[in-house]
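Down below is the structure, laid out as structure tokens.
The values are calculated or read from the model by the stated rules, or taken from the named source; none is laboratory data. If you're wondering where the values come from, they're calculated on a predicted model, not measured in any experiment. Heads up, the Cβs are rebuilt from the backbone with ideal geometry, glycines too, and the neighbour counts pull from every protein chain shown. These accessible areas exclude ligands, DNA and RNA; they are computed on the full protein's heavy atoms, side chains included. Shrake-Rupley method; radii C 1.70, N 1.55, O 1.52, S 1.80 Å.
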Amino acid sequence: MSKVIGILAGSLRKESFSKKVGKTLLDFAPEGFKFKLIDLSEIPLYNQDFDDHNEVPDAVTKFRTEMANVDGVIFVTPEYNRSVPAVLKNAIDVGSRPYGKSVWDKKPAAIFSNSPGNLSAFGANHHLRQSLVFLNMPTMQQPEVYIAHVNDLFDEEGNMKEGGTKDFIKKAVESYIVWFNKNAE
Ligand SMILES: Cc1cc2nc3c(=O)[nH]c(=O)nc-3n(C[C@H](O)[C@H](O)[C@H](O)COP(=O)(O)O)c2cc1C
């Protein structure tokens, strides 16, 4: 059976570059793997009362179930104020509870950060790494994937143009698959 890799893009924006990068990754899934875009748009803000009082919203259950069924995760994160956008951090928090039932545990991960600017969301990339250490996700170290000037990468239809960056991203996915195969339990 195919291994399923969840692709989480940390933006709700319709024309989000992170979502477009995520969509590009779908074409790079090798044989034996299925890459699946995970929708974060319906997840409410985490409130511990849900779990403490058995009032978990359907959208939370749906997300947790979907994530429980993936074998690995690629996070495509933009950067908000030098950190992880709230929508992605919220998804991580929602998936990490109730205590002891985290959907993230032991799943090999990679972080692809991107920005229209020069710094490629370095701050978000590394803040995200901090959470993934605690969540016990072996996270690919090399290559580091920092995508600068992401706004220049797509054509009018939202497809990634051929070129060095696309080649680099394809290679990074290949490295992630090697990483996955070494670290998956
Ligand atoms: C609240 C906010 C904060 C932002 N902070 C940063 C930042 O710290 N670093 C950065 O490179 N871009 C920053 N940006 C610009 C984003 O990189 C840009 O809006 C990007 O397109 C967002 O990702 P998306 O295209 O996936 O929605 C910020 C944008 C917003 C709305």
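Data overview
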read-out	value
Tally, over the stretch 26-44, of residues that are within 16 Å of the ligand (Cβ to nearest atom) and either open to solvent by 50 Å² or more (accessible area, probe 1.4 Å) or β-branched (Val, Ile, Thr) (or both)	4
All positions within the stretch 10-25 that are farther than 9 Å from residue 76 by Cα and more than 6 Å from the ligand (Cβ to nearest atom)	12, 14, 15, 20, 23, 24, 25
Complete set of residues in the stretch 126-154 that are of a type outside the set (Phe, Trp, Tyr), within 16 Å of the ligand (Cβ to nearest atom) and either over 25 Å from residue 95 (Cβ atoms) or touching a residue at least 60 places away in the same chain (Cβ under 8 Å) (or both)	147, 148, 149, 150, 151, 152, 153
Filtered residues of the stretch 48-75 (kept if surrounded by 20 or more Cβ atoms within 10 Å (Cβ to Cβ) and either without any contact (Cβ under 8 Å) to a residue 40 or more places away in the chain or within 16 Å of the ligand (Cβ to nearest atom) (or both))	60, 63, 64, 74, 75
Residue that is nearest to the ligand (Cβ to nearest atom) [pool: residues in the stretch 76-119 that are open to solvent by 30 Å² or more (accessible area, probe 1.4 Å) and among the basic types (Lys, Arg)]	82
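One line per residue, one yes/no per condition, for (1) among the β-branched types (Val, Ile, Thr); (2) touching a helix residue (DSSP H, G or I) at 6+ places or on another chain (Cβ under 7 Å); (3) modelled with pLDDT under 95:
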residue: 92; (1), (2), (3): yes, yes, no
residue: 108; (1), (2), (3): no, yes, no
residue: 116; (1), (2), (3): no, yes, no
residue: 121; (1), (2), (3): no, no, no
residue: 127; (1), (2), (3): no, no, no
residue: 134; (1), (2), (3): no, no, no
residue: 151; (1), (2), (3): no, yes, no
residue: 161; (1), (2), (3): no, no, no
residue: 181; (1), (2), (3): no, no, no
